[in-house]
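Colleague: Have a look at the structure that comes next, please.
The values are calculated or read from the model by the stated rules, or taken from the named source; none is laboratory data. Everything numeric in this text was worked out from a predicted model, so none of it was measured. Virtual Cβ from ideal backbone geometry, glycine too; neighbours counted across all protein chains shown. Surface areas here come from the heavy atoms of the whole protein model, side chains and all, with no ligands, DNA or RNA. Shrake-Rupley method; radii C 1.70, N 1.55, O 1.52, S 1.80 Å.
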Amino acid sequence: MKKRVIFGIVAGALVLNIAAIGIFGAALAKSNSGSMKYAAHDGYVVNSLSANQVSNSKGFSSGESYRNEVSAEAEYGEDYIADENVQGAGGGISNEVNVDPAKGRLLIRTVSMSAETKVLDSVKADLESQVKALGGYIEESSMSGTGSNKNLRTVSYTIRVPADKLDMLISTVGTSCNVLSSSENSTDVTLEYVDTKARVESLRVEYEQLMKLLGEAKDLDNIIVLQNRLTEVRYQIESAESRIRVLENQVQFATLYLNLREVLEETVIEQPHIPTYGEKVSEQFKLMWENTVIFFQDFVLGLIACIPFIIFMAVVAVIVLAIVFGARKKRRARIAKAQALKEEEKKASEEKKEDNQE
């Protein structure tokens, strides 16, 4: 009975150790696979975001213009001067090029787009022709790749077109290419433009007054001081006028940053789908089954990884059992020997007693 108990304890401990090792290995393998899945999931999210941005690639909503308009009005308050020829029915700025603050906000539009195509040469020629037809120009362009032996090409453009023609150019790109992402930024420079113009007028008044004082001056020291001040004022006027010209150019001509890639197969953009309740249940069962399969696979891998430890534990168990059974055998031998001695002593005692009786 004791022998069976000892066997049961050792076997149970060994099984528990093997199960614990397998579960630990499965958890470790699952954690590694989970990190890989997380990285893949991040890539999916990025692709999804790019796909969502494509929906706005052929034009930008009037709601965004309206929000820009409202924030501009809140910032400048009563300085905003409405004009029926400039504002649309929704209160947003129209596409007409405007460099007069009295007719509306001065906005610098900048658009960034990323697209791909299988016919790069044709799209490139059409795009450059369209830019010229719209009255714009290519400020910068660069191309990498040879287009041979699967060394696909990539073209980067910095395009300037009249602000009221930018949407037409965006529509052309969206029609001829597969747009992957698109973003727009509008910067309001009305306040800077008005302040710079006012500063120029103030400097010109000061310049005229200095010229008048210089014509009346007779002292050499005063003449030198006035000339130095005139030089400084003239420099400030030229710098401010240069900034005005830059602002006018940026307002009149919008900027399009376009990154165009040559591909063998265009990316398929899936439309968003709202799953039904049945699809959710089916997906949950599928996920549960996949997790179960993965768990047992990881469990087996954990056991395989822990085979050396299992062998070691088995050897230790055999040694322990050998020691236990050896000790029990020696104990039984001692007990048997002691019993034999007792019996011999008892027998000798009985014989001696019988001899005495005789």
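Colleague: Tell me, yes or no, whether the stretch 326-347 has at least one residue that is in contact with a helix residue (DSSP H, G or I) (Cβ under 6 Å, 6 or more places away or on another chain) and among the aliphatic types (A, V, I, L, M).
Modeller: no
Colleague: Need the failing condition index for V324 against (1) open to solvent by 70 Å² or more (accessible area, probe 1.4 Å); (2) β-branched (V, I, T); (3) out of contact with any Gly (no Cβ under 9 Å at 6 or more places or on another chain), just the number.
Modeller: Every listed condition holds for V324 apart from (1).
Colleague: Can you tell me which condition A314 does not meet? The list is (1) more than 30 Å from R105 (Cβ to Cβ); (2) open to solvent by 70 Å² or more (accessible area, probe 1.4 Å), and all the others hold.
Modeller: Here A314 clears every test but (2).
Colleague: Filter the stretch 120-149 down to the residues that are modelled with pLDDT under 90 and in a loop (DSSP other than H, G, I, E, B), then identify the one that is surrounded by the fewest Cβ atoms within 10 Å (Cβ to Cβ).
Modeller: N149
Colleague: Would you confirm, using the coordinates I've provided, whether V161 is in contact with an Asp or Glu (Cβ under 9 Å, 6 or more places away or on another chain) and aliphatic (A, V, I, L, M)?
Modeller: When the stated conditions are applied, V161 does not pass them.
Colleague: If we keep just the residues of the stretch 249-266 that are part of a helix (DSSP H, G or I) and open to solvent by 50 Å² or more (accessible area, probe 1.4 Å), which is nearest to S112 (Cα to Cα)?
Modeller: Ranking the candidates gives Q250 first.
Colleague: Still on this structure, I have one more. Of everything in the stretch 267-286 that's among the acidic types (D, E) and part of a helix (DSSP H, G or I), which residue is least open to solvent (accessible area, probe 1.4 Å)?
Modeller: Going through the qualifying residues, I end up with E279.
Colleague: For the stretch 179-228, how many residues are surrounded by fewer than 17 Cβ atoms within 10 Å (Cβ to Cβ), hydroxyl-bearing (S, T, Y) and assigned to a strand (DSSP E or B)?
Modeller: Number satisfying all stated conditions: 2.
Colleague: Hey, another quick one. Answer with yes or no whether E238 is open to solvent by 100 Å² or more (accessible area, probe 1.4 Å), under 27 Å from R160 (Cβ atoms) and either more than 40 Å from the chain's Cα centre (by Cα) or at pLDDT 95 or above (or both).
Modeller: Yes: the conditions hold for E238.
Colleague: Something else now. Check off (1) in contact (Cβ under 8 Å) with a residue 24 or more places away in the chain; (2) open to solvent by 30 Å² or more (accessible area, probe 1.4 Å) for L166 and give me the number that stays unchecked.
Modeller: (2)
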